[in-house]
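One structure is given here, and the rest of the page talks about it.
The values are calculated or read from the model by the stated rules, or taken from the named source; none is laboratory data. A quick note: this is a predicted structure, and the numbers were derived from the prediction, not measured. Backbone-built Cβ (ideal geometry, glycine too); neighbour counts: all protein chains shown. The accessibility values were calculated without ligands, DNA or RNA, using every heavy atom of the protein model including side chains. Shrake-Rupley method; radii C 1.70, N 1.55, O 1.52, S 1.80 Å.
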Amino acid sequence: MAANRRMKRMASSQPGFIKLKSVSGGDGLGSTRRKRLNKNKKKNWNKNIDINDVDEFLEDIRHQERTTGSVLGLLSEKTDESLFFLDVGPPKKAERKVAPVEVKMRRGKPVRPLRIDLILQHDSLVPAPKDVLSYQLPNAKKLRRIAMKAKHLAAKGIVPRRQKKLLNLRPVEKTESKAVTDANNNPERDFYDIWAPEIKSTADPWYLQQTRKSRVKRPEKLNAKPSALPAVEVIAPGGSYNPDFFSHQALLQEAHDVEVKKQKAEDKLVRQLAVNKDHLATEETIFREQVEGLVEQEDDDGNDEEAGDDDGVIVGAISQALKKTEKDRRKERAEILKEQSRQADKEQTFRQQQLFQLRSIKTSIKQDEADTKVKQIQRKANQEAEKSQPRRLGKLKFQAQDLEVQLSDELAGSLRQLKPEGSVLKDRFKSMQKRNLIEPRERAKFKRRLKVKYQEKRAFREIT
């Protein structure tokens, strides 16, 4: 057995000998065969091609650029003198050169930078890319062409067509040439103080109007405030944290009046919606309604017959009326003329009597003028009072905010014990509504349009 093993080792060591290994599976030698791939399609390029060597090469180049800088170049492009040096031993102290570093001194000792500052420093030698978008302007090419054309025409002394048209529209009056004002986007223009008093422009108003450099006149209505109320109203003296007794009682009385007014409005609504017991149906009224028109039918028939007889008599009397004669017509005309003359005499007598009533007429005229003046004063006072009242700007009516008042036993002795009340945001919101800046609003109510459907899932059904 030992001789056979020795012979096998010698045969395997000779060149050209094929080693055969036992394979437990059924693959045999077919597992080492390369897989055939279709490389003429683009979708298989990155899928079945190993590009690790390319990625490693590109990563190495980026690492060299970060460490050495793109200006110095890659390591393969550098010379041997820049990469290697001759080591002749440790340098002498006199020959040692140290780069000058700005080091702060504190108590005669250098102050080293903090570790966190060193970590946050930029360690890459690659310069930051230039932001091209920050140098671009919209329509820059067009504006540059227009500026060059205007400069070329100005050098020749040619007036542009638009400016020539404006000059032709100007009146014939000769005015001195004014200095050209700088554009608003010119960074080299003079400093302008917005709080300084406004200086009237000395330029020609016609020129400013045509070149649209003059401001549009602001309507006077925009300068008027919608309400005369102040932006922040000061609360009554009784609302202080340590108020006077009478001031606090006056504020309590005001809050009490508001609550009484609300209670009266609620009681009035209850009275209006209450059901009157006299209007309720009883058994007697129900029975009367059921038998109505059944018992009195015979009496109604007799009354109808009598009414029919009376109608016949009236119709017969109308048919027997006689026509007017000529004598009656003359008599009627005479009466009309007599009534007209009587009315004319009465009016003439009234005019003559008015001559003796001049004093009373003057007195009545003075009284009417005085009443008119009083009404004008009252109307003006009402208009002034309406300026401080909220107007109806929307479909909702303004509801005043509840008074923030504390009872006598709730008063605090100091600011530390004072409890905050109300909301600043709600107070500002109500103030804007009261000053007619916004219309009164209420919180929108969420109304679900679609019905919510509940579905029991299988996992939940298995648990239950």
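Just a few scattered comments:
- Boolean, Glu410 is within 15 Å of Ser240 (Cβ to Cβ) and acidic (Asp, Glu): yes
- Scanning the stretch 211-245 for residues being open to solvent by 70 Å² or more (accessible area, probe 1.4 Å), in a loop (DSSP other than H, G, I, E, B) and farther than 25 Å from Lys387 by Cα gives a total of 8.
- Here Val23 fulfils each of the conditions (1) at pLDDT 80 or above; (2) open to solvent by less than 100 Å² (accessible area, probe 1.4 Å); (3) not hydroxyl-bearing (Ser, Thr, Tyr) apart from (1).
- A Cβ distance below 8 Å, combined with a sequence gap of six or more or placement on separate chains, defines the contacts here; from the stretch 258-274, residues that are in contact (Cβ under 8 Å) with a residue 40 or more places away in the chain reach residues that are open to solvent by less than 90 Å² (accessible area, probe 1.4 Å) in the pairs Val258/Leu403.
- In the stretch 35-60, the residues that are part of a helix (DSSP H, G or I) and closer than 30 Å to Leu74 by Cβ: Asn52, Asp53, Val54, Asp55, Glu56, Phe57, Leu58, Glu59, Asp60
- Qualifying residue in the stretch 413-425 (condition: open to solvent by less than 100 Å² (accessible area, probe 1.4 Å) and β-branched (Val, Ile, Thr)): no
- Selection from the stretch 116-141 of residues that are surrounded by fewer than 10 Cβ atoms within 10 Å (Cβ to Cβ) and part of a helix (DSSP H, G or I): Ile116, Asp117, Ile119, Leu120, Leu133, Ser134, Tyr135, Lys141
- The set of residues in the stretch 361-400 being of a type in the set (S, T, N, Q) and either modelled with pLDDT under 90 or within 24 Å of Ala224 (Cα to Cα) (or both) consists of Gln376, Gln378, Asn382, Gln383, Ser388, Gln389.
- Taking (1) at pLDDT 80 or above; (2) among the aliphatic types (A, V, I, L, M); (3) within 21 Å of Ser214 (Cβ to Cβ) in turn, Ala155 satisfies each apart from (3).
- Residue match in the stretch 433-449 (condition: surrounded by 10 or more Cβ atoms within 10 Å (Cβ to Cβ), within 30 Å of Asn242 (Cβ to Cβ) and free of Cβ contacts under 8 Å to residues at least 40 places away in the same chain): no
- Boolean, Lys457 is in contact (Cβ under 8 Å) with a residue 24 or more places away in the chain and either open to solvent by 100 Å² or more (accessible area, probe 1.4 Å) or of a type in the set (Lys, Arg) (or both): no
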